[in-house]
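Engineer: Okay, handing you the structure first.
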Amino acid sequence: MKRSNACCNRKKATIRDVAMMVGVTPGTVSHAFSGKRAISDKVRRQVFDAARKLDYQPNIIAQAMRNKATGLIGILIDPAGLQKKQMRLAEIVTTLQMNHYDTIIGMTAQEKGSGNSMQRLISGGLIDGMISLLPKKFDDCPAMQVPVIDAEAEERSNYRKAAGKVVNYFRACGHCRIGCIAPKAHIFPQVLGDVLEEKGIWCESEYCFEERDSVETGMSGAERLIGHQSATAVIVIGEAIAEGVYRWASLHKIPIPARLSLIGVDMMNEIFCRKFSLTTIRHTPGDWIQNAVNRLLCKINRSEFMPDGIYPELIICGSVASAFTEFGNTSCEMKNEIL
């Protein structure tokens, strides 16, 4: 039986066909798909309905060539670290969507020659910019034709600033036995160690790495650092770990801050911090993600204004005292001071 070629010979629908069916201009159809100009919901629905009936598919490559923009951002991530970075990835995608950008996720390992698929997207002009979530600097793309933000480096830089403020403050209070209790995947303890080494500060630091941000982690970490290592100052990551340290101190009748000084990092609950009068570093993941996206968009738009990095604030309350004050009530600095 002879096969019909009617479907094969049918002319492919164009943007003009869609515009003619709806009764609008081709430019209106283009704006309906790109979202770059305000169009009524009624007209947008009519355009989409006509496109479905005509089986019209917008040519993203042609749009990119004409507009020099695709509205797509590539995100490069190592599959091995995907589980740990799911929340971070979701926040980046959400922030980009709020700025009217879609995302393409590129999976790559760290071995040489990786990232070829993302390189093809870049060289093909299919993405406007790229965000790297790789644990190491990604430089396998020798001729990067799009703006790139290294989100891991940005996060590390922000935590380095936070660690520097914490160390300077503890040292000003006379503390030289400083501990840190953090979930296993957190980078702050490593950054803290780098800061201490770079500053040439003598400090007997002990780090407790646990799988979970939990009260139990805080209590076990306090037992190791304070009970066995005699730390006089401890940095706690997260509210649950902080609560565990407070519980341990209460059980062992160790007064805070007279015998133990605490500073919290990544504290999201202001009510918790006020309840315990906890000195904290104001630094939230959402802040640096928004800043990283803003910096990328400025690069894409070739803006003369480039936002600075995040500068964490040290909110001083009543959980830190001088190491030279034995069972005293004087804090190292005035309460509620912001550095």
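Engineer: Mind checking whether some residue in the range 313-320 is over 19 Å from the mean Cα position of the chain (by Cα), small (Gly, Ala, Ser) and either over 18 Å from Leu260 (Cα atoms) or at pLDDT 70 or above (or both)?
Structural biologist: We begin by selecting, within the range 313-320, every residue over 19 Å from the mean Cα position of the chain (by Cα); these are 314-320.
Applying the additional criterion that residues be small (Gly, Ala, Ser) yields 318-319.
Those left that are additionally either over 18 Å from Leu260 (Cα atoms) or at pLDDT 70 or above (or both): 318-319.
Yes.
Engineer: Among (1) at pLDDT below 85; (2) touching a Gly at 6+ places or on another chain (Cβ under 7 Å); (3) crowded, with 17+ Cβ neighbours inside 10 Å, where does Met130 come up short?
Structural biologist: (1)
Engineer: Filter the range 237-279 for residues that are crowded, with 20+ Cβ neighbours inside 10 Å and among the β-branched types (Val, Ile, Thr) and give the result.
Structural biologist: Once the filter is applied, which keeps residues that are crowded, with 20+ Cβ neighbours inside 10 Å and among the β-branched types (Val, Ile, Thr), the range 237-279 yields Ile237, Ile241, Val245, Ile256, Ile263, Val265, Thr279.
Engineer: If only one of Glu223, Glu206 is modelled with pLDDT under 90 and more than 26 Å from the chain's Cα centre (by Cα), which one is it?
Structural biologist: Details: Glu223 fails: modelled with pLDDT under 90.
Being modelled with pLDDT under 90 and more than 26 Å from the chain's Cα centre (by Cα) holds for just one of Glu223, Glu206, which is Glu206.
Engineer: Moving on to the next point. Of all residues in the range 262-295 being over 21 Å from Cys180 (Cα atoms) and polar (S, T, N, Q), which is farthest from the chain's Cα centre (by Cα)?
Structural biologist: Top of the filtered list is Asn294.
Engineer: A further question follows. Kindly list the number of the only condition in (1) of a type outside the set (Asp, Glu); (2) surrounded by 15 or more Cβ atoms within 10 Å (Cβ to Cβ); (3) outside the structural domain of Ile237 (by TED's automatic domain parsing) that fails for Phe305.
Structural biologist: For Phe305, the exception is condition (2).
Engineer: Something else about it: Find all pairs meeting these conditions: Cβ atoms under 7 angstrom apart; at least six residues apart or on different chains; first residue within the range 171-196 and within 21 Å of Arg224 (Cα to Cα); second residue assigned to a loop (DSSP other than H, G, I, E, B) and aromatic (Phe, Trp, Tyr).
Structural biologist: Pairs found: Cys176/Trp202.
Engineer: Same structure again: Considering only the range 150-175, state which residues are of a type outside the set (Asp, Glu) and closer than 17 Å to Asp78 by Cβ. Write out each step before concluding.
Structural biologist: To start, the set of residues in the range 150-175 that are of a type outside the set (Asp, Glu) comprises 151, 153, 156-175.
Selection gives Ala151, Ala153, Arg156.
The values are calculated or read from the model by the stated rules, or taken from the named source; none is laboratory data. Because the structure is predicted, anything quoted here is derived from the model rather than measured. When we count neighbours, we look across all protein chains shown, and the Cβ atoms used for this are built from the backbone with ideal geometry, even at glycine.
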